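These notes are about the structure you will find just below.
Readers should treat all values here as calculations from the given coordinates under stated rules, not as data from a laboratory. These numbers come from a predicted model, not from an experiment. Glycine also receives a Cβ, built like all others from the backbone with ideal geometry; neighbour counts cover every protein chain displayed.
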Ligand code: B12
Ligand code: B12
Ligand SMILES: Cc1ncc(COP(=O)(O)O)c(C=O)c1O
Ligand SMILES: Cc1ncc(COP(=O)(O)O)c(C=O)c1O
């Protein structure tokens, strides 16, 4: 889709660091060289999750009595056929039975076995595919149009950065109360955190849910419930409220599909996070992230990458370069999936030790550096988490400085820190306190970015340059090893992941010569991706 | 006394505003022109408080059974003789009775009436005066030397700005616990707030006290108790802890005397505060402030002026100029009292409406401006108070930004804001939270002042210039009206005070030709004041 | 309807607390703090933070769950004003129409209290937060006596001016000083036989209508009050009395 | 010694609270909040702030006085370690002297919990805050099994390695999940007859020695623990057992 939007989501950029443009270009070139071979691999492979997502976009939905989702039932019975693409089987069954997808889904849930259905002829398949993909495409386009019209109508009330909060009660109905309250208080973005370990489930649960630990299940019904709730507040507040979920884990592409259909607005989505932090197989992850990003791009959904996670396990001063290197890699993979920059919410975080002298200045350097290197990207800035303790009063002060740093460097997507970060998932009032803090700070120093310059060759400027140069070096090293090898050797996040290890490896399949995926084809066309 | 100290108390000055030096010079000239005629008035007058302070410095102390202090008993019985100076009567009685001051004090407390004692001959008086003033002078010099040696010994642990907290339980023994805890937590300065309305008492209560509202009586015994308590912690912490009280109100000179004797380190002391905010007669105030400042200067006591008070009743944006104008006037009067700049803790405050867009930038402008105009002065920066509410979490955030602004502009004396400012005088933990907040913030952005510049002709720079120019204008207006007239017309703090109105006017007396004050003479000599 | 504190689940009873204890920082101190919170009647308590304040004091932050609940329907509370306040113009029109004379209002910050910003916000011409003060009201004669006015002096002046209403501000509330001072004013007014002819109104950051009524005032106003709020109360109440 | 919260006067009982109620913001809501705090057993309560969180929720901040007190002398609390911890070198010397062999320690973050930073801080070579982890200890063989390890797998590995001590980390505590998971571990260990030969030690930000002991562990360690603390406990405890 055409890039018609002005990048409202990216904060204003004021250049202050004098970063070397050639060096930035070198880093980008290296990222491209790194992602190239991986993209070749992606092109030749599919995964069970890609296929299930494809099925979902063609209409597969529902679950059987045991709660096994229809796309999983299909994939199980056609396990051996993944390399050819599963959608032709679904389409064949539709043609053969003369059913609507809803009817077929019911049948599958009741035991109807797709592997028993002979394939229809190519021609009919294509016609049917065009029909269903057309519906899907229309629905997604309508979602985009709706969002755009609301964003336009409510443009006056846009904040910069946008304030992002999470809800995580485990109960979608309780989440609704909390999300609506937060939106009324001034939140622009609401993320529903997933329950502990959903990312490792190789299916997406079905229906509305009320039980979760430290988060709420991502289900399509939950998406719908929260979407409606936020739309309701949006009309009251004359402010479009963005909904976020996790397009991550073993079901990454399916969540993308569900999000596109239910008009989510943002998705946590990283090209390497699953590998490093969830021990998901790397081949699986790379293939999945590519397909999911194509869907996100088609649905005009902003992705949030997960670089902040590096800093929860590694030191923010020492490993700043890994954050920047990963941002370059994420940018490259996103480009390769046809995603415009304005949808790339590259991640980073305010995670310096609060006891560190001049730590705040280093944070400023890092945030400003990201801003200047990625000027069109709506950077996602994460609050202090690792160094938050039960001392809520100190935590509040750390969040205050974080809010300051974010506004001072023109970030795009601002995750609000919670004073109770070290204690529990946010209470209603925790979010309120965070929102009011951010609104106070960001209004009180609103034009700081314009009014303040950094000393030539001072600590801030030197720090940013150093991180850039280290990141470029690191990318060089990764280029040499190849990305698969680099991950195997532990160059990111201090963890080593074997190529054939990790979860979900058995869900990866080489595309056989007869591989056919009408949704992929359509997406590629729409996004202008060659090959 | 010679100005041997390096001004450790003033933060580092980095010039950023490009303020007009000629305009600053104009403002200073106007302040001098304003203070000149007032100084002439001062030279020709004394007050009952000046005389009581003189008596105290010669040894008068104690109180009668009703709690009336000996200096007041003397002043009452010699009401008519004030214009001649009361010390000659005290000295005469000492000579006549052959008593030590302590013995005489007891006698006076028991009813001995000094007005009945004929004056001794000039010569004996002078000898006796030299003896007693010598003792006083030695004690004060010993205090200064002790302080200096401790400051030097503990120099490594000096913070910049120095962190200043208040205690105000009403009970000196409870205050001690709180003060010692604060010092252990990192406070550098402890002020014992006076009980409500002590400033309007025309005597200084005697002895240790345990009852006060919103503060604790300033008495010489309370000074001593707190001094010992802080000295104890200082040794433990290897950090000299400064003690502060209020050299203000109807007993301004006496408190100065007590503070000099008990080694206080700072005094709230303003040339106009009493007039404007306590409706004390202006003549009384000007004479009293001069004498008290001479004592403070001799005792190497830093004064804290009260410009912050303007902003508790007037708007900080509109009336910033009155703050600066008053700083110039306070500086001038202090100079005239023989005070070096390193003792002038000129006051200002962070009192912008937190809802004001860019209010923080205006605060930066104001604070930086004060720093640049008064580079050797240990500026006293007051926290947000007026806009603090029961919302302690918002209040904490405001204090966080205040701490930031203070460090960012190199202030000298930093009064810590309390999150409970709108609720109660500080609890033990309130102070702890304030200290930890300041230490966190000021360490995390320690070198901000060095690293950051303000945009040329930007909002910050323009604001500072505007305030300076308005202040110069205001001083011009005051010069035209004369200071007495200007106060009468309400040019400061939006209050009008008639010349002959207000409290304590009847305690002002023209010096008669036979006026004699051996303490004043000695102080003038020591401070190098002519005339 | 019974209501309980809410954290993230209805009736979870979640409450945040912080306090200090006069014990040295230690694991035992934390346990003592936990036990204390349980003694306060909380069902569950996490001491999420403890820090030494000195060698003999420790500060604690806790999150706890309470079983306590309040029947919201039975909470008695009357605001001084039942409805929205009139505007300045409406107040004037109301006075013109109903009283046909100017009303006289005398205000002061009484006792030892010298915090005039509050009473000034209500009375002074320029008002507060872009809400004009009573001195600006054409149909009100407003006298602001300023700070530290003794109750006797205030009442004497009210009598002299034939005031319709007396406005008192009390900001210093430590050790409940304001309670004594306010009670004294009501007693004096009654003793002098002024109480019936005067509206007695008090305001301040720790003042509420409930407390004011309990102390014998006609109304109490807290933080965020504007002149029109008091003015509305005065004119409505006087009209009510008149028409009785 | 009975102790009570302290604000600025001994035994004043001063406590700060904050909480939300599912009622719309209003004067009545404030009064309800005040009554609720009184119901919680506080003697005096000032609602110093109230703010609407939505049309149906209000947030309150209160300062109140409690009459509750705790007898500090009767508070029972045993730290896992009675004395100061040994240093890494001392631990090694102690093992060499008393056991004459390397001790084996197996650690993991168990159940659904994937928060490895805590157990890594204790076990990994590089340690935490300039305190080396157990992998660095010459006389300790440390095996860190990482995240989301099922209790069964952990015990199997401990058995296989003839572990002297098992270290468990639990960070996710919402809805008390850790309690169930930890209880299960102890039960499994007992069922398999391993309990006697193993030290079971648990740590995490919400873990204390008291809770750990109650759940059947030998010790529990909370925030701010370093490797030498656990190591000291292990060597002392094993020595104690050995010499029995
Ligand atoms: C400004 C200020 C001062 C100034 C006062 C200047 C002046 N001319 O008023 C100065 C510096 C002089 C001062 C001095 C002291 N202060 Co003072 N001060 C404050 C401060 C910072 C702000 C008060 C204020 O102006 N608020 C703004 C106004 C607009 O709000 P308001 O008063 O609530 O008024 C609104 C409503 O309440 C209502 N209202 C108020 N009165 C009335 C009356 C009527 C009839 C109606 C209808 C409505 C109404 O309408 C107003 C507008 O909406 C507060 C802290 C704080 N942030 O609240 C401390 C505070 C009030 N002060 C305090 C203290 C202790 C003192 C001193 C005793 C300290 C000392 N020992 O020296 C002295 C003594 C003064 C005295 N004798 O009373 C304490 C009181 C503690 C307590 N609960 O008792 C406070 C809370 C600070 C603290 N934490 O220690 N103070
Ligand atoms: C980093 C982090 C993460 C990282 C973890 C990375 C990793 N590899 O560990 C990531 C981003 C992956 C993550 C994910 C989640 N997290 Co998390 N996370 C945190 C965070 C910010 C810091 C934890 C940390 O690393 N602390 C630093 C270490 C050094 O401290 P420590 O663990 O306390 O360890 C010390 C002591 O406790 C002790 N210790 C610990 N273990 C042991 C063991 C032994 C034997 C001994 C002796 C000592 C010991 O020694 C250590 C050193 O002193 C906390 C918030 C916070 N600030 O505490 C939330 C937090 C723990 N997470 C939380 C949640 C809910 C989650 C998720 C469930 C969210 C979701 N729905 O997706 C997921 C799920 C993960 C899962 N399956 O468990 C909640 C837990 C709430 C609760 N009380 O139950 C917290 C409190 C945040 C919050 N407020 O919501 N998280
Ligand atoms: C990209 C990404 N995915 C997912 C998650 C959330 O964790 P989980 O993998 O448990 O869903 C994060 C966490 O921050 C993330 O950054
Ligand atoms: C110079 C000065 N004196 C005194 C005070 C204190 O008030 P009081 O006059 O009640 O002692 C202040 C208050 O801030 C002050 O600035």
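Observations on the model:
- Counting Cβ atoms of other protein chains within 10 Å of each residue's Cβ and taking the mean over peptide C:24-30 gives 4.
- Convex hull volume of the range D:2-71 per residue (C-alpha atoms, cubic angstrom): 71 Å³
- Ascending list, in nanometres, of distances separating the residue B:439 label from those of the other copies (7 Å, Cα toward Cβ): 3.4
- Distance between the C-alpha centres of the range B:50-120 and the range A:65-80: 104 Å, rounded to the whole angstrom.
- Protection proxy ranking for B:342-352, B:508-518, using the average of other Cβ atoms within 10 Å per residue and placing the highest first: B:342-352, B:508-518.
- Using a 7 Å projection from Cα along Cα-to-Cβ, the label point at residue C:84 is separated from the same position in the remaining copies by 7.0 nm, smallest value first.
- Label geometry 7 Å along the beta-carbon vector: residue B:131 inter-copy distances in nm: 12.2
- Highest-MSF residue in chain D out of D:110, D:177, D:56 [GNM, Cα springs under 10 Å]: D:56
- Nearest 10 degrees, 0 to 90: helix B:252-261 Cα axis against chain B principal axis: 90 degrees
- Rounded to 10°, Cα long-axis angle of helix D:227-242 versus longest principal axis of chain D: 60 degrees
- Relative contact order of chain B, defined on C-alpha pairs under 8 angstrom at six or more residues apart (%): 22 percent
- Within the protein assembly as shown, helix-based [θ] at 222 nm, where runs of 4 or more DSSP H residues each add -39,500 (n - 2.57), nearest 500: -14500 deg cm²/dmol
- Straightening the chain between residue A:317 and residue A:529 buys 72.5 nm, computed as 0.36 nm per residue apart minus the Cα-Cα spacing.
- Between the range A:148-218 and the range C:171-185, the C-alpha centres lie 49 angstrom from each other.
- Length-normalised contact order of chain D in % [C-alpha pairs under 8 Å, at least 6 apart]: 17 percent
- 10 Å Cβ neighbours from other chains, averaged over peptide A:178-187: 3
- Put simply, the range A:1-140 fits an ellipsoid with semi-axes of 42, 19, 15 Å; these come from the alpha carbon gyration tensor as the roots of five times its eigenvalues, largest first.
- Distance from the alpha carbon centroid of the range D:194-225 to that of the range B:320-341 works out to 64 angstrom.
- Rg/Rh (Cα only; Kirkwood hydrodynamic radius) as it applies to the range C:88-242: 0.93
- A simple packing score, the average count of other Cβ atoms within 10 Å per residue, orders the peptides D:160-171, A:410-421 as A:410-421, D:160-171, with the highest score first.
- Evaluated on chain B, the Kirkwood hydrodynamic radius is 23.4 Å, with distances taken between all distinct Cα atoms.
- Shape class for the range A:139-184, computed from the alpha carbon gyration tensor (a ≥ b ≥ c): oblate, with a/c not under 1.5 and a/b at or below b/c.
- Rg/Rh (Cα only; Kirkwood hydrodynamic radius) as it applies to the range A:341-397: 1.05
- Full-stretch length increase - residue A:456, residue A:353 - with 0.36 nm per residue and alpha-carbon distance subtracted: 34.5 nm
- Here the range A:213-372 is treated as a Stokes sphere of Kirkwood radius computed over C-alpha pairs; at 10 °C and 1.306 mPa s its diffusion coefficient rounds to 95 µm²/s.
- Scoring C:47-55, B:218-226, B:94-102 by mean Cβ neighbours within 10 Å over their residues and listing the highest first yields B:218-226, C:47-55, B:94-102.
- Bridge orientation summary for the protein assembly as shown: considering DSSP beta bridges with both residues in this region, about 40 percent are antiparallel.
- Quarter of Cα convex hull surface for the range B:88-135, i.e. mean projection, nm²: 3.1 nm²
- Take each residue in D:39-50, count the other chain C-beta atoms within 10 Å of its C-beta, and the mean is 5.
- Dimensionless Rg over Rh [the protein assembly as shown; C-alpha; Kirkwood]: 1.02
- Along its first, second and third principal axes, ordered by size, the range B:139-262 spans 42, 30, 24 Å in Cα coordinates.
- Extension gain, residue D:99 to residue D:186, is 28.7 nm, computed as 0.36 nm per intervening residue step minus the present C-alpha separation.
- Cα-based helix-to-principal-axis angle, A:392-408 vs chain A, degrees rounded to 10: 90 degrees
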